[in-house]
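Each remark here refers to the structure printed beneath this line.
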Amino acid sequence: MLKLIIAGRPNTGKSTLFNALTGTRDALVHDRPGVTRDTISGTMRGRAWTVMDTAGLENAKSGIAADSTTMAMDAIAGANAVLFVVDGRVGLVPADLDWARMVRRKTRAPVLLVVNKSESGRRMADIHEFYKLGFGEPVMISAEHKSGFDAIYEFIDKIAPDAQKDSNQGVAPQKLKIAIMGQPNVGKSTLVNRVLGEKRQIVIDAPGITRDTVKIPTNFYGRDIILMDTAGLRRKAGVTDDVETLSAIKSLDAIEKSDVVILVVDATRNIENQALGIAARVYDAGKILCVALNKWDLVDPAVRDEKLLKLKHQFTNSFHQIIKPLILAISAETGMGVKNMFRRVYEQWDTSNTDAPTSLINRIVEKLIEARQPPMSRLKRPMKIKFARQTGRHPMKITINVGGASDIPESYTRYLRRGLAEQLHWEHLPIVIEYKKDENPFDDK
């Protein structure tokens with residue numbers, strides 16, 4: 001799709017404008033300048049355009065601000081159109097003039113000058129000063145109040161009249177959404193860059209660099225996917241900044257919006273309870289989890305087998321929803337094991353989108369019951385498992401009709417879950433078994 005880049009100084013309202021144009025809350029919005037660091041992308045509502053929110057343009061020679069500005073300028077260079085956003089309350093400042101010159105040098109794409117925060121009209125008398133930027137007539141908008149957007153739509157529709165979406169057209173297939181999660185500084189952004197084959201995300205050996213959940217459509221290993229690079233999650237005791245709190249909320253929200261979660265952990269360190277807590281949230285949400293043991297190339301070969309076995313036991317013993325956690329060793333820095341990990345993830349996703357035949361499920365359950373009878377209920381009444389079927393995906397859900405007492409203990413449920421998972425090849429998928437005290441319509445009374 002065509003690319004519309006939102007650019008400008010920090011704190012001019014670019015992220016608020018991005019959220020308004022895409023109809024999402026994907027971009028982190030805060031009064032503090034410089035909150036956005038990576039380039040965030042989304043689809044414009046009603047138009048076949050990709051909207052990209054860039055970091056605020058800053059004159060820094062090194063550090064995060066310099067990297068963010070370089071990535072923003074690279075995005076501008078590849079734009080089909082640019083919205084150059086200035087602050088209508090502050091008025092024209094020298095930095096606006098400097099960056100306007102840089103944008104003109106960087107791209108030949110059409111540029112629309114957007115004067116944001118103009119809802120009160122208090123600066124209307126000063127609108128002439130923005131002509132100095134060299135982008136022609138400025139348009140007055142309020143991203144917060146979603147006013148003045150008609151001029152933006154007219155601007156992009158002149159560039160690509162056929163890019164308006166027809167509501168009667170068929171819906172495109174949903175791409176597999178893969179969230180990359182983990183604690184700070186474990187290599188999440190390095191993994192994203194490895195998959196993309198370019199430096200799209202900022203990578204610095206310090207925690208807290210990524211703040212937004214960045215959604216990046218790409219094709220990797222033969223499949224169209226959306227990567228979701230999330231902010232690192234720290235223990236609550238270590239979070240004292242309100243921006244980091246908002247970042248953490250967005251990261252946890254990414255679990256619900258994803259199909260698969262790759263939990264990146266540092267293989268050179270021990271697994272902390274925080275990582276197990278993230279895994280628990282993923283399983284509770286019914287999502288597929290892959291644990292990526294990153295930096296495996298730095299682990300002493302003499303202890304690799306022992307370390308891998310210990311980690312698998314740790315995850316297996318921590319969660320009852322999963323039979324066999326998918327734990328794979330990789331190196332995001334060198335690329336070792338990355339393609340194999342995604343191949344395995346794709347296999348699990350494809351498996352999770354299938355329905356097991358009801359006859360097969362019942363045969364498996366019957367054999368499991370023959371091998372181990374259900375225990376007596378608390379009231380000493382026999383429990384009769386009568387009929388089973390698959391009733392859901394993500395998680396894989398099996399509903400079992402029972403007669404008599406229905407207070408089947410968790411230990412027996414775990415036994416059934418394990419047996420079904422092994423026979424249906426669902427070992428790496430979260431499985432839920434629910435009981436329904438209802439008569440089997442095929443049961444002779």
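Here are the numbers for this structure:
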| quantity | calculated |
| --- | --- |
| In sequence order, calculated HN-Hα J values of the stretch 79-87 (Karplus, 6.51, -1.76, 1.60; Hz; x Gly/Pro) | 7, 8, 7, 10, 9, 8, 9, 10, 9 |
| Peptides 135-145, 253-263 ordered by average Cβ neighbours within 10 Å, highest first | 253-263, 135-145 |
| Projected area, mean over directions - the stretch 39-118, Cα convex hull, nm² | 5.8 nm² |
| The stretch 294-440 - percent of accessible surface contributed by carbon and sulfur, probe 1.4 Å | 50 percent |
| Hits among lysines - C-alpha to C-alpha of LYS117 under 30 Å, sequence gap 8 or more where chains match | LYS3, LYS14, LYS61, LYS106, LYS132, LYS146, LYS158, LYS165, LYS215, LYS250 |
| 12 Å beta-carbon shell around ILE431, net charge (K/R +1, D/E -1) | +3 |
| Solvent-accessible area, 1.4 Å probe, carbon plus sulfur percent, for the stretch 39-139 | 48 percent |
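The values are calculated or read from the model by the stated rules, or taken from the named source; none is laboratory data. Predicted, not measured: the structure shown is a model, and the values here were computed from it. As a convention, Cβ positions derive from the backbone with ideal geometry for all residues, glycine included, and neighbour counts pool all protein chains shown. Side chains included, ligands, DNA and RNA excluded: accessible areas come from the protein's heavy atoms. Shrake-Rupley method; radii C 1.70, N 1.55, O 1.52, S 1.80 Å.
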